[in-house]
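Novice: Structure provided below as structure tokens; questions to follow.
FYI, it's all coordinate maths here, none of it is from the lab. Given the structure is predicted, the values throughout are model-derived calculations rather than measurements. Methodologically, a virtual Cβ is constructed for each residue, glycine included, from the backbone with ideal geometry; neighbour enumeration extends over all protein chains shown.
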Amino acid sequence: MLDATTRSGGTATASPRATATELAVAAPAPSGLSVRCTRVLLSPWTRLSLLVVLLAAAASAVLIYEPQRLLAHGWPPQLDGAAATVVFAVAYGLCTVAFVPRPLLNLAAGALFGSQLGTGAALAGTVLGAGIAFGLGRVLGQDALRPLLRGRLLNAADGQLSRHGFRSMMAVRLFPGVPFWAANYCASVSRMGWLPFLLATALGSIPNTAAYVVAGARASAPTSPAFLIAMACIAVPALVAAVVAWRKRHHLRSR
């Protein structure tokens with residue numbers, strides 16, 4: 001059996017077993033502080049706090065830069081053509097995440113780009129903004145908010161979105177009443193999938209978006225048939241949504 005050291009020619013050499021033992025003792029044990037910090041940073045409530053901070057910063061940026069000034073001052077002259085449309089669609093999407101009302105953005109799209117190009121840019125921005133909001137809510141807010149879904153109304157809404165996601169989101173997009181940003185974040189907390197959400201958003205937003213864009217493009221001629229038809233397409237779905245909500249209120253309260 002070997003000692004901790006062996007002598008060879010009067011020189012002391014360390015045993016391999018002793019060296020391994022010393023290294024194991026000398027190596028610092030992993031600190032539990034980093035593990036605890038990681039858990040805190042990745043906890044549901046920390047992520048929800050980050051979401052609140054991001055949304056507050058976005059809303060503050062909107063108040064500072066006032067994107068609605070586009071309606072009065074027009075699009076920057078250095079941007080035109082396809083580049084202007086792409087930039088507007090991206091800005092549209094980011095503005096919806098920051099709670100800017102979509103009707104205002106749709107009117108701006110029509111006033112700046114006309115009916116056809118404005119509708120395309122507005123729809124692209126709508127889907128982009130919905131996707132960003134849905135992703136932020138799903139990653140940063142769902143784990144913290146789902147345990148808070150108590151009460152009949154919240155449970156009914158969550159069950160409807162989770163089981164009938166495409167149909168429910170189509171109804172929300174077709175018939176105005178629920179703010180765009182609120183529908184996005186509510187859907188992200190539910191168990192609705194990405195594809196039904198984005199597809200229903202794209203299809204269901206076409207009529208209302210096109211109506212507002214046409215109204216914005218023809219605002220200089222408020223007595224024209226196109227403007228009057230666009231206003232009718234805006235008013236009729238809103239009236240239908242109000243009637244349906246009034247008739248369904250007792251059904252939702254009883255669930």
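Novice: With a ≥ b ≥ c taken as the square roots of the eigenvalues of the C-alpha gyration tensor of the stretch 167-254, please select rounded if a/c is under 1.5 and otherwise prolate if a/b is larger than b/c or oblate if it is not?
Specialist: Verdict is oblate for the stretch 167-254.
Novice: Also, I was wondering about something else. Kindly write out, for the stretch 223-236 in residue order, the coupling ³J(HN,Hα) from the Karplus curve 6.51 cos²θ - 1.76 cosθ + 1.60 (θ = phi - 60°), rounded to whole Hz, with x marking Gly and Pro.
Specialist: In residue order, the calculated couplings are 9, 6, x, 4, 5, 5, 5, 4, 5, 5, 5, 7, 6, 5 Hz.
Novice: Out of the trypsin sites (Lys or Arg not before Pro) in the stretch 166-249, which ones are loop residues according to DSSP with at most 10 other C-beta atoms within 10 Å?
Specialist: Listed in order of number, the matching sites amount to none.
Novice: Given the Cα atoms of the stretch 87-144, and with Rh set as the inverse mean 1/r over their pairs in the Kirkwood sense, what is Rg to Rh to two decimals?
Specialist: Radius of gyration relative to Kirkwood radius: 1.08.
Novice: How do 115-125, 225-235 rank on mean C-beta neighbours within 10 Å, highest first?
Specialist: Highest-to-lowest ranking by the protection proxy: 115-125, 225-235.
Novice: Only counting other Cβ atoms within 10 Å, I'd like ILE132, ILE64 sorted with the fewest neighbours first.
Specialist: Going from least to most buried by this count: ILE64, ILE132.
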